[in-house]
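The structure under discussion appears below in the form of structure tokens.
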Amino acid sequence: QAITDYFPEDTKIITPQGGFMLWVELNKKIDTTELYYKAMQHKISIAPGQMFSASNQYTNYFRFNVSHEWTDKSEKAVQRLSAIVREMMWILYKVVICYIIILSDVFPKSSLQGRDIHICFMYALKF
């Protein structure tokens with residue numbers, strides 16, 4: 001229930017018929033191997049889906065252990081994991097916005113130089 005409550009709306013939970021692991025599918029743009037490393041910085045462990053594929057599939061899936069007793073600590077860990085996912089999505093959105101600005105007619109093409117593009121990305125990733 002906590003995953004449904006805190007994660008982005010496009011998150012899907014795949015409940016196996018047996019066992020104690022949930023498969024969680026995130027937005028296709030989220031790399032769960034990167035999520036794994038970010039989560040480990042907060043002592044939250046997940047299993048990136050890519051670990052379970054020999055052909056580089058399931059890059060936006062992760063396995064989540066639900067075999068333990070649910071506590072406030074568990075709830076806070078899911079909230080933090082959700083915040084990391086949302087932060088990753090926000091960075092991706094900002095990069096897309098930069099591309100839109102760069103490719104749009106906001107600036108004359110001849111006036112955009114490499115340095116301007118670099119500044120745009122650095123500014124977007126700052127916020």
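Arranged from highest to lowest average of other beta-carbon atoms within 10 Å per residue, in what order do the peptides 81-89, 3-11 appear?
Highest mean packing first, the order is 81-89, 3-11.
Of the chymotrypsin sites (Phe, Trp or Tyr not before Pro) in region 32-96, the ones in a loop by DSSP (not H, G, I, E or B) with at most 16 other beta carbons within 10 Å are TRP70.
Pairs spanning more than 19 Å between alpha-carbon atoms, out of LYS12/LYS94; LYS28/LYS73; LYS38/LYS76: LYS12/LYS94; LYS28/LYS73.
The numbers here are math on the coordinates, done by the rules we state, and not lab data. Here the structure is a predicted model, which is why all the values come from computation and not from measurement. Glycine gets a Cβ as well: all are built from the backbone with ideal geometry, and neighbour counts include every protein chain shown.
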